[in-house]
Amino acid sequence: DAGITQSPRHKVTETGTPVTLRCHQTENHRYMYWYRQDPGHGLRLIHYSYGVKDTDKGEVSDGYSVSRSKTEDFLLTLESATSSQTSVYFCAISGVSGSMSYNEQFFGPGTRLTVL
Amino acid sequence: AQTVTQSQPEMSVQEAETVTLSCTYDTSESNYYLFWYKQPPSRQMILVIRQEAYKQQNATENRFSVNFQKAAKSFSLKISDSQLGDTAMYFCAFSYTGANSKLTFGKGITLSVRP
C-alpha cells in the first residue's frame, strides 16, 4: 500500500477558528491532491500540488489554502472555518513507482472535520 | 469540462449474484482514463479497476469487469459472484491523460449485498 497518512483523523472546531490538516507521504511522489467528500457530491478537488511550492486550485478552492514546502508534506488550511466546511477530507498522491502510474491515485485514510 | 454521472443512488444484490453499476460521462477528449473506486464503511478509498480510453478491450480484475462503450460515453461496472465484503459505496471517476491525473468523481452509489 502507498504510504500516505493524514493528521488529525478527527477534529471538531468552532466557526471562525483556523484549522490545518496535514498529509504526509513516504512514496516521494510528485503529485498530491486534497479532496472533500460530502453526501450527494462524491469527492471534489480542492487544491493540488505538482511539486514543492507548486500548487493550483481545484473545483472548490474558496476558503482553503495549501502549502507544500517539502515533497512529503501537503498542508490544507482553513483560515477561518465555517459550518459549510464540515466534511471528510481526503489526501491523494500520484506518480510513477513500481506498478503505479501517473494516472492512478492512492488515497489517505481521510480526516473527518466538524465545524460547530 | 468533464462530468461524471451516476444516476442510481442505491442498489441491492443477493450474495453470489451479479450486479451492474452504471456510469456515464461527458468529455470532448478522445483519450482519457476511467476508474471505479470502492469505499467500504472503513472510509478508505480503494481502486477497483481502471480503463484506458484508447483500449477497446474491457478491463477485468477477478470478479470485477467493466463494459466500456466509448461512443455512448458509458462505463459500467459488473460485479460477479457478489460477496458480503462488496458492500460499499462505489465511485466512478475520470481523468485526462498526462502526469497531472486529477480526478473528477460521480456522486457515488451505495451497494448492499444481502446474505
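A simple charge model with +1 on the Cβ of Lys and Arg, -1 on the Cβ of Asp and Glu and nothing else charged puts the dipole of chain A at about 160 debye relative to its Cα centre. In whole angstrom, note down how far apart the Cα centers of the range A:16-73 and the range B:12-34 are. Taking the Cα centre of the range B:12-34 as reference, the centre of the range A:16-73 is 27 Å away. Using a probe of 1.4 angstrom and keeping all protein chains present, the accessible surface of chain B works out to 48 square angstrom per residue.
With charges only on Cβ, +1 for K and R and -1 for D and E, what is the dipole size of chain B about its Cα centre, in debye, rounded to 20? Spell out each step's value before the answer.
On the way: 11 positive and 9 negative charges, 45 e Å.
Charge dipole, chain B, about its Cα centre: 220 debye, nearest 20.
Residue-wise HN-Hα couplings along the range B:98-115, as the Karplus relation 6.51 cos²θ - 1.76 cosθ + 1.60 with θ = phi - 60° gives them from phi, are x, 5, 8, 9, 4, 9, 10, 9, x, 6, x, 9, 8, 9, 10, 9, 8, x Hz; Gly and Pro carry x. Largest first, the residues A:Arg36, B:Arg50 sort by 1.4 Å accessible area into B:Arg50, A:Arg36.
At 1.4 Å probe radius, can you tell me the per residue accessible area of the range A:18-95 in Å²? If you can, show how the numbers build up before the last one.
Working: 3180 Å² over 78 residues.
Solvent-accessible surface per residue comes out at 41 Å².
List the accessible area buried at the contact between B and A, summed over both sides and calculated with a 1.4 Å probe, in Å² to the nearest 100. When B and A are taken together, about 2000 Å² of accessible area is lost. Remark: the range A:22-38, residue by residue, has Karplus-estimated 3J(HN,Hα) of 10, 10, 10, 10, 10, 9, 6, 7, 6, 9, 9, 9, 10, 10, 10, 10, 10 Hz, where x stands for each Gly or Pro and the curve is 6.51 cos²θ - 1.76 cosθ + 1.60 at θ = phi - 60°. For A:Ile4, the accessible surface of its heavy atoms amounts to roughly 20 Å² (probe 1.4 Å, protein chains only, rounded to the nearest 10). Computed on chain A, the Cα convex hull volume stands at 94 Å³ per residue.
In chain B, the alpha-carbon atoms span a convex hull of 99 Å³ per residue.
With 19 Å as the limit, the listed pairs B:Lys38/B:Lys107; B:Lys38/B:Lys78; A:Lys70/B:Lys38; B:Lys73/B:Lys107 have A:Lys70/B:Lys38 beyond it between alpha carbons. The mean of 1/r over all distinct Cα pairs in the protein assembly as shown, once inverted, gives the Kirkwood hydrodynamic radius of 18.2 Å. Toward the positive end of the charge dipole of the range B:3-114, with +1 on the Cβ of Lys and Arg and -1 on the Cβ of Asp and Glu, the farthest Cα among B:Val4, B:Val66, B:Ser22 is that of B:Val4. Using Cβ point charges alone (K and R +1, D and E -1), the dipole size of the protein assembly as shown about the Cα centre works out to roughly 120 debye.
The values are calculated or read from the model by the stated rules, or taken from the named source; none is laboratory data. Computed from a predicted model, the values in this text were never measured in an experiment. Every residue, glycine among them, receives a Cβ derived from its backbone with ideal geometry; neighbour counts consider all protein chains shown. Accessible surface is based on the protein model in full, side chains and every heavy atom, while ligands, DNA and RNA are left aside. Shrake-Rupley method; radii C 1.70, N 1.55, O 1.52, S 1.80 Å.
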